[in-house]
Amino acid sequence: MKIINTVNELKFVLNNYRAENKTIGLVPTMGALHEGHISLVQRSVEENDVTVVSIFVNPTQFNDKKDLEKYPRTLDADCALLEANNTTIVFAPTVQEVYPEPDTRTFSYPPTDTVMEGAFRPGHFNGVCQIVSKLFMYVEPHKAYFGEKDFQQIAVIKAMVNDLKFPLQICPCPIVREKDGLALSSRNTLLSDEERHIALNISRTLFASLDYAKSHTLEETKTWVINSIDAIEGLRVEYYEIVDGNTLASLNEWTDSDYIVGCITVFCGSIPVRLIDNIKYKG
């Protein structure tokens with residue numbers, strides 16, 4: 001495994017692989033890797049000759065500087081984990097390397113990037129598009145892998161790929177959960193043992209809502225999920241939206257779409273830690 005810190009070296013090494021007609025997979029990450037990330041890496045390794053994993057905590061997608069400062073950084077442990085899972089290249093640039101000048105590009109894909117995370121984290125998806133587009137230009141992958149826990153992010157990136165005509169395939173990968181149901185997240189490392197136990201109520205409520213939805217309206221189900229989680233001390237729902245899985249448009253009835261997903265963000269604990277999750281109702 002090779003660890004690369006500069007764009008020029010990355011392009012040089014990848015051009016040599018391309019000359020040999022090797023296929024290239026990209027797994028963009030912000031580090032603090034867990035089994036969810038590794039499932040993406042393993043799929044890339046299975047499907048491509050070369051797997052590039054980027055590790056970069058991207059400042060332009062954080063609208064809260066405190067959130068950026070406390071985001072976990074574990075590069076040495078990450079690299080050991082990636083080497084054990086047959087990664088070809090780790091790309092771990094500095095902020096100066098990626099943004100030698102401020103990135104003033106703007107991306108707009110409403111309503112995909114303006115609802116939910118887009119509404120509560122202004123500028124977040126613009127920052128995501130800035131860094132992901134740069135990675136696509138640096139690596140020129142055949143396939144890029146993203147976890148479905150960040151469901152809205154995948155929809156925004158697909159819109160960007162379609163807009164900018166990147167010649168690559170976006171490969172969504174299923175949420176990986178702990179045995180007790182908690183969605184794996186780098187932010188879970190910020191939770192105390194007690195807070196982690198409390199956080200289990202997020203996925204439990206979402207899974208319970210699948211049965212609840214069978215005999216209740218969409219709006220009743222939405223209200224039930226929010227009230228159930230808000231009733232638990234240490235948890236506060238920022239939003240819960242039940243949307244069309246393709247457009248992310250809000251829905252009124254279960255019959256409004258053949259692909260329906262519930263997306264939630266919850267604040268957990270005293271810091272608090274912001275956790276996201278989602279559940280598929282139809283499709």
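For the range 33-59: of the residues being assigned to a loop (DSSP other than H, G, I, E, B) and in contact with a Lys or Arg (Cβ under 7 Å, 6 or more places away or on another chain), which is surrounded by the fewest Cβ atoms within 10 Å (Cβ to Cβ)?
Among those that are assigned to a loop (DSSP other than H, G, I, E, B) and in contact with a Lys or Arg (Cβ under 7 Å, 6 or more places away or on another chain), it is Asp49.
Which of the residues that make up the range 13-25 are farther than 17 Å from Met1 by Cβ and not hydroxyl-bearing (Ser, Thr, Tyr)?
Answer for the range 13-25, where residues must be farther than 17 Å from Met1 by Cβ and not hydroxyl-bearing (Ser, Thr, Tyr): Asn15, Arg18, Ala19, Glu20, Asn21.
With the requirement that a residue be charged (D, E, K, R), more than 23 Å from Gln152 (Cα to Cα) and touching a Gly at 6+ places or on another chain (Cβ under 7 Å), what does the range 163-205 give you?
If the condition is that a residue be charged (D, E, K, R), more than 23 Å from Gln152 (Cα to Cα) and touching a Gly at 6+ places or on another chain (Cβ under 7 Å), then Glu195 is the only one that fits.
Got a sec? Which of Thr255, Thr223, Thr247 is of a type in the set (Val, Ile, Thr) and touching a residue at least 24 places away in the same chain (Cβ under 8 Å)?
Thr247
If you take the residues in the range 60-83 that are touching a helix residue (DSSP H, G or I) at 6+ places or on another chain (Cβ under 9 Å) and free of Cβ contacts under 8 Å to residues at least 40 places away in the same chain, which one is surrounded by the fewest Cβ atoms within 10 Å (Cβ to Cβ)?
So, considering only residues that are touching a helix residue (DSSP H, G or I) at 6+ places or on another chain (Cβ under 9 Å) and free of Cβ contacts under 8 Å to residues at least 40 places away in the same chain, the one surrounded by the fewest Cβ atoms within 10 Å (Cβ to Cβ) is Lys65.
Kindly indicate which of Ala208, Ala213 is over 24 Å from the mean Cα position of the chain (by Cα), farther than 29 Å from Ile157 by Cα and aliphatic (A, V, I, L, M).
Ala213
Are any residues in the range 84-96 surrounded by fewer than 15 Cβ atoms within 10 Å (Cβ to Cβ) and of a type outside the set (A, V, I, L, M, F, W, C), and if so, which ones?
Selection gives Asn86, Thr94, Gln96.
Under the condition of being in contact with a strand residue (DSSP E or B) (Cβ under 8 Å, 6 or more places away or on another chain) and buried (at least 17 other Cβ atoms within 10 Å of the Cβ), which residue from the range 173-187 is farthest from Arg274 (Cα to Cα)?
My answer is Cys173.
Condition check ((1) under 18 Å from the mean Cα position of the chain (by Cα); (2) in a strand (DSSP E or B)) across all residues:
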position: Lys66; (1), (2): no, no
position: Glu69; (1), (2): no, no
position: Arg73; (1), (2): yes, no
position: Ala77; (1), (2): no, no
position: Thr87; (1), (2): no, no
position: Val90; (1), (2): no, yes
position: Gln96; (1), (2): no, no
position: Pro100; (1), (2): no, no
position: Asp103; (1), (2): no, no
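Among helices (runs of 4 or more DSSP H) lying entirely in the range 136-233, which contain 3 or more residues that are within 26 Å of Val50 (Cα to Cα)?
151-164
Mind listing whichever residues of the range 1-32 are in contact (Cβ under 8 Å) with a residue 24 or more places away in the chain and either among the aromatic types (Phe, Trp, Tyr) or crowded, with 22+ Cβ neighbours inside 10 Å (or both)?
Matches in the range 1-32: Leu14, Tyr17, Ile24, Gly25, Leu26, Val27, Pro28, Thr29.
Every number here is computed from the coordinates shown, using simple stated rules; none is lab data. Please read these numbers as outputs of a predicted model, since none were measured by experiment. Note: ideal-geometry Cβ built from the backbone for every residue, glycine included; neighbour counts use all protein chains shown.
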